[in-house]
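*Asks:* Quick one: this structure, given as C-alpha cells, is what I'll be asking you about.
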Amino acid sequence: MIIKKTKVIINKLYSKGKETFLTNNKAFDNSVKENVKRIYIVSILAAVMHLTISIIFAANIYNNNFENINWEIAIFKTHLVLAVLSIIVFMWSEHAKRHLNNKKITHLLQYTYFAMLVSAGIYIFAVDQSITTSMTPFFIASLSVGAFFLIRPLHAFILYLFTYVAYMIVLSMASLPTSAELSHNVNGLAMVFIGFTISFIEWNKFIVNEKQIQEIANQKDKLEKMAYYDPLTEIPNRRLFDISLQKEILKDKISNDTSVVIILDLDYFKDINDTYGHPVGDFVLRQIAKLLSDNIRKVDTIARFGGEEFIILIPNTTIDNGFIIADKLRKLIMEKDFHIDNKNIKLTASFGVAELEDNQNNNFYYKADKALYVAKQSGRNQVQKYEDEI
C-alpha cells in the first residue's frame, strides 16, 4: 500500500514537473519571439538616435580646443558605427520576424543585440573617462537591456555578470584615481544590480501573463471538448459532426465531388449491458471508437451518434467505395475480441451507407439511417447502401 501511494506521489510530481518544464520552455520561446519584435522597433529608433548624435559631434568637432577633439572624434565614430550596426540589426530582425519559428535565427539575433548594447555602453564609458567621470552610457545600457527585453533570470544573471566583469576590466585600464575607481566600482555594481532586478521583475510579469493566457486556453479547450466531444469515447459528438457535414456540403457544391455518410449500430448491445454491466458496455464503446478511428483516414470524421450508434463522414468518396469501407469496418468489429476482467466478448454491427446530399429538411442522415434499418431487418451484421428502391 505504501509503495503504491509512493508511486502515485512520484507520478504526480513527475507530471507536475513535466508540465512546468513544458510551460517554461513555451514561455521562453514566446519571450524570444517578443524580443525579436521589440528589437525590430528599438533598433531602427536606436539607428536614428546614434546617427543624430554622430551628426551633432561632427558639427562641433572643430569648435573646441585640441584636448577634446580626440574624444569628440572617438564619440563621433562610435555612434556612426552603432548607427550602421543598428540598421543591420533592423534588417536582420525584419527577416527574423518572418521566421519566428526558426530558433537559430531568433536566438542568435536576441543575444547578439544584447551583447551589442552592453558592449556599446562599456566602450563609450571608457572613451568618456578621458574627459569626464560620467557613467551615463553604462547606466543606460544596463537599464535598457533589463527594461526593454524579456530575459530568463539565469540568462540575465550570466549576461550581467559578464557585463560587470568587462566593465571592471575597462575600469582598471582607465588609470583613474583610487577614490574615483572605487566609486565607479560600487556604482557599476549598483547599476548592474538594478538592471538585473528590472529584468527579473519584467520576466516574472511576463511569466504570470503567459500562465494566465495558458490557463484561459486550457479552459477554452475544456469547454470546447465538453461542447463538441463525447465524454465517454472522446471522439466528436453529433454537434461537431453536424458542423463538419455543413462544411463538406458546401465544399462538394463548389467542387462537384461526392461524399458518403456511414451509420453503424452495434448489434444486440443491450445484452452486453444486461449481462456484464454498464462499465463493461462503456469499455466496449471506447474500444469500438478507437477501432473505428484507427481504421479511417485523417480527412474522415467519426462521431458518436448516440447510445451504441456511430456515424462516419467520408469525403471525396463514391457510395460504392463507401460500401467497401463500411464492410471492412464490419469485419474488423466482428473479428475483434474485447477482453475485460477475464471476459472475452464478441459482437457485430450493422451498417447503412448513403451519399451526402443537401435537402430542405437538413436531414442529412435520412438515407443512411434508412439503409441501416434495412441491414438490421435483414439479419444484422451486414452493410446496406441506400438505393432508390429502399
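No value in this document is a laboratory result; all are computed from the given coordinates. No experiment lies behind these values; they were computed from the predicted model shown. Every residue, glycine among them, receives a Cβ derived from its backbone with ideal geometry; neighbour counts consider all protein chains shown.
*Asks:* Quick one: Kirkwood hydrodynamic radius for the range 93-183, alpha-carbon pairs, angstrom, one decimal? All intermediate terms of the calculation are to be shown ahead of the outcome.
*Replies:* Numbers: mean 1/r = 0.0688 Å⁻¹.
One over the average 1/r among Cα pairs gives 14.5 Å for the range 93-183.
*Asks:* Hey, which of these cross-link pairs are over 25 Å Cα-Cα: LYS328/LYS376; LYS205/LYS225; LYS97/LYS298; LYS26/LYS225?
*Replies:* Checking Cα-Cα distances, LYS205/LYS225; LYS97/LYS298 exceed 25 Å.
*Asks:* In addition: Just to be sure I understand the model, the point goes 7 Å from the Cα along the line to the Cβ. What's the resulting ALA115 to PHE193 distance in nm?
*Replies:* In this crude label model, ALA115 to PHE193 measures out at 2.9 nm.
*Asks:* Continuing with this model, one more query. Which trypsin sites (Lys or Arg not before Pro) in the range 76-105 pass both tests, a DSSP loop state and at most 13 other beta-carbon atoms within 10 Å?
*Replies:* The qualifying sites are ARG98.
*Asks:* Rg(Cα) of the range 120-259 divided by 2.2 N^0.38 Å?
*Replies:* Numbers: Rg = 28.9 Å, N = 140, 2.2 N^0.38 = 14.4 Å.
The value comes to 2.01.
*Asks:* If you keep only loop residues by DSSP, which trypsin sites (Lys or Arg not before Pro) in the range 337-386 have at most 11 other Cβ atoms within 10 Å of their Cβ? Please report the intermediate quantities before stating the final value.
*Replies:* Values: sites: LYS343, LYS346, LYS367, LYS370, LYS376, ARG380, LYS385; in loops: LYS346, ARG380.
The qualifying sites are LYS346.
*Asks:* Working only with C-alpha atoms, what are the Rg and Dmax values of the chain, expressed in angstrom?
*Replies:* 34.8, 110
*Asks:* Same structure again: Taking loop as defined by DSSP and a crowding limit of 14 other beta carbons within 10 Å, which GluC sites (Glu not before Pro) in the range 152-224 fit? Could the numbers behind the result be given before it?
*Replies:* On the way: sites: GLU181, GLU202, GLU210, GLU215, GLU224; in loops: none.
Listed in order of number, the matching sites amount to none.
*Asks:* What percentage of all Cα-Cα pairs in the range 238-385 are separated by more than 28 Å?
*Replies:* On the way: 1985 of 10878 pairs.
In whole percent, the share of Cα-Cα pairs in the range 238-385 beyond 28 Å is 18.
*Asks:* Can you flag which of LYS104/LYS211; LYS33/LYS290; LYS290/LYS367; LYS331/LYS367 are past 28 Å Cα-Cα?
*Replies:* Values: LYS104/LYS211 25 Å; LYS33/LYS290 38 Å; LYS290/LYS367 26 Å; LYS331/LYS367 23 Å.
Too far apart for the 28 Å limit: LYS33/LYS290.
*Asks:* Okay, next question. Taking the simple approach of a point 7 Å from Cα along Cα-to-Cβ for both LYS211 and ILE41, what is their distance in nm?
*Replies:* 2.6
*Asks:* Compute the length gained on full extension between MET173 and LYS77: take 0.36 nm times their separation in residues and subtract their Cα-Cα distance, giving the result in nm to one decimal. Each step should come with its number before you reach the end.
*Replies:* Details: separation 96, 0.36 × 96 = 34.56 nm, distance 2.10 nm.
Extending this stretch completely gives an extra 32.5 nm.
*Asks:* What three numbers, in Å, describe the spread of the alpha carbons of the range 2-221 along their principal axes, ordered from the longest?
*Replies:* 83, 43, 24
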